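Comments concern the structure below.
The values are calculated or read from the model by the stated rules, or taken from the named source; none is laboratory data. None of the values given here were measured: they were computed from a predicted structure. Because the Cβ atoms are built from the backbone with ideal geometry, glycine has one as well, and the counts that use them run over all protein chains shown.
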């Protein structure tokens, strides 16, 4: 999502996260190494009107984030430290 002509992807990803949160989902992180994939799928949507590849990528990110949160909750319930989970956000 690029809401402005200057290709400010960060703003677009923040708007995407706002939309996800309004729909009851957790915000997602598009992995740094997936940036070119994200851009390509976004371009496919813009150029050919096909949102499916981008929607699938976002859905995969939502599932990954839900699994990460579930693991954190599980670790907390078992009394395990959660300090190492912050690294998982960047991976």
Any idea which of (1) touching a helix residue (DSSP H, G or I) at 6+ places or on another chain (Cβ under 6 Å); (2) within 19 Å of residue 25 (Cα to Cα); (3) at pLDDT 90 or above is the one residue 88 doesn't satisfy? (3)
Identity of the residue in the range 1-26, at pLDDT 75 or above, part of a loop (DSSP other than H, G, I, E, B) and exposed (fewer than 15 other Cβ atoms within 10 Å of the Cβ), that ends up nearest to the chain's Cα centre (by Cα): 26
Show the residue pairs that are 6+ apart or on different chains and have beta-carbon atoms under 9 Å apart, the first residue being within the range 37-54 and on the phi > 0 side of the Ramachandran plot and in contact (Cβ under 8 Å) with a residue 12 or more places away in the chain, the second being in a helix (DSSP H, G or I) and surrounded by 13 or more Cβ atoms within 10 Å (Cβ to Cβ). none
